[in-house]
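K.L.:
Encoded as structure tokens, here's the structure I'll be asking about.
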Amino acid sequence: MKRIFLLAAATFFALGMTAGASAQNKPDGGNAQFRVQEYTGSILGIPMWVAIDKGFCKKYNLRCATVRLPSGPLALQALAAGSIQASFASNDVNLMAASRGNDIQLVVGHTPTIYYHLDVRKGYPMPNRDKGFPAFMKDFSGAKVGVTARGSGVEMLFRALMKSDGLTGNEVTYVAVGSPATSYPTMLAGKIDATVSFEPFNTLCVAEKTCVDLMDLSRQGPPDMLAMNGGYASFAMAREYVEKHPNVVKAFIAAIEDADAWIKDPKNFDELLADTRKHISLGDIQNANEVMAQLVKGQVKSVGPAIERRSVDAVSDFLVKYGLIQNPVSSSSVVYAGAPK
């Protein structure tokens, strides 16, 4: 009897020690205020919405909040100024900023694959469309092309598409139209002829038959663009902040990883859909519920916390090739050592 008691006590003690060690290893953000960029009117906010709404930030002792900013370059300016702690942008924008002295670290992934589509206003003449890419790019000479902001990732991608057909990228007029909440009405008003944009722009375009979905840039385009899939968009933080607040960084990564696991669990889909509707509305379009479900399903498939280092190096190669940066920015210098792989 005594042996049984001692064995039970030892087992209890061991379990207690394991639980204690687990609690000690759990990242703790120290109740830090943590502000993260959100794109106005875009469904790309799902990982942060889930991290906040489902208590994953709170789990790791972070007070997370989102700040609406319409473009990556503006968010990186806010990051440099310290008004937000993390920005979210495509890594072409992030690496361009790094090459110009904005000392950032990519800490956790958001969307591994390119999430842009090239959409064209309904009725815009494209005599070379049947010839396919890149031949139809010449049809955009003289067009007004919407971009989130001048110098943004979408402008860089469109310039690369133009150069694939031997053009310079300067044959069009670039118009800053912000995120989908403002870019979609701008196209409906006929103020732009084409745009490289992100969801929900493309789904609205197809559902309402207001424009032509010409290219899915995650699958179509020059090889050096497609090579960026795998590490395309990430959350970035200022290196100085990362070095001063390592526990906060670890807590943020853990919150995003937990949010991603929750998003990808099929049993949570209905709850995810209901929660997403609290953050974004599709207005009075036909079949809005079905369209929203389609959008959310697309995000479940596309988001992920890993940053593929090879793809980040491919982003750098892309920028150098098209003259957007002079010197390469290596993944080893810009990706946080503790970022998920």
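Laboratory data are not the source of any read-out in this text; all were calculated from the coordinates shown. Model, not experiment: these values are computed from the prediction. Glycine gets a Cβ as well: all are built from the backbone with ideal geometry, and neighbour counts include every protein chain shown.
K.L.:
Sorted by mean Cβ packing within 10 Å, highest first, what order do the peptides 86-94, 278-286 take?
P.N.:
Descending packing order for the listed peptides: 86-94, 278-286.
K.L.:
Sorted by average packing, counted as other Cβ atoms within 10 angstrom per residue and highest first, what order do 141-154, 207-220, 41-54, 264-277 take?
P.N.:
Per-residue mean Cβ counts within 10 Å order the peptides as 41-54, 141-154, 207-220, 264-277.
K.L.:
Report, in whole Å, the centroid distance computed from the Cα atoms of segment 218-239 and segment 277-316.
P.N.:
Result: 15 Å between the Cα centres.
K.L.:
Under 27 Å between alpha carbons, and skipping anything fewer than 8 positions from residue 54 in its own chain: which lysines qualify?
P.N.:
Correct list for residue 54: 26, 250, 264, 267, 278, 297, 301, 341.
K.L.:
Which residues in segment 132-160 place their backbone N less than 15 Å from a point set 7 Å from the Cα of residue 171 along the Cα-to-Cβ direction?
P.N.:
What the label zone holds, given the 15 Å backbone N cut-off, is 132-145, 158-160.
K.L.:
Efficiency by 1/(1 + (r/R0)^6): what FRET value for residue 135 and residue 317, r their Cβ-Cβ distance, R0 = 22 Å, to the nearest 0.05?
P.N.:
Efficiency at R0 = 22 Å is approximately 0.30.
K.L.:
List the residues whose amide H sits under 5 Å from the amide H of residue 176, counting only those 5 or more places along or on another chain, with H placed 1.01 Å from N in the peptide plane.
P.N.:
HN-HN under 5 Å from residue 176: 147.
K.L.:
Using 0.36 nm per residue of separation minus the Cα-Cα distance, give me the extension gain between residue 65 and residue 53 in nm, one decimal.
P.N.:
3.3 nm
K.L.:
Now a separate question. At 0.36 nm per residue, and after removing the present C-alpha to C-alpha distance, how many nm does the segment from residue 25 to residue 273 gain when stretched out fully?
P.N.:
86.0 nm
K.L.:
Mean residue ellipticity at 222 nm from the helices of the chain, using -39,500 (n - 2.57) per DSSP H segment of n ≥ 4 over the full residue count, to the nearest 500 deg cm²/dmol?
P.N.:
One gets -13500 deg cm²/dmol as the mean residue ellipticity at 222 nm.
K.L.:
Quick check: net charge around residue 262, other residues with Cβ under 14 Å of its Cβ, Lys/Arg +1 and Asp/Glu -1?
P.N.:
Counting the neighbours of residue 262, the net charge comes to -3.
K.L.:
Using modelled backbone amide H atoms (1.01 Å from N, in-plane), which distant-in-sequence or interchain residues come within less than 5 Å of residue 335's amide H?
P.N.:
Excluding prolines and chain starts, which carry no amide H, the hits are 106.
K.L.:
Can you give the relative contact order of segment 117-226 as a percent, counting alpha carbon pairs under 8 Å and 6+ residues apart?
P.N.:
39 percent
K.L.:
Right, something else. Can you list residues from other chains, or at least 5 along the same chain, whose modelled amide H is less than 5 Å from the amide H of residue 68?
P.N.:
The answer is 38.
K.L.:
Hey, got the Cα dimensions of the chain along the principal axes, in Å, largest first?
P.N.:
Result for the chain: principal-axis Cα extents of 90, 49, 34 Å.
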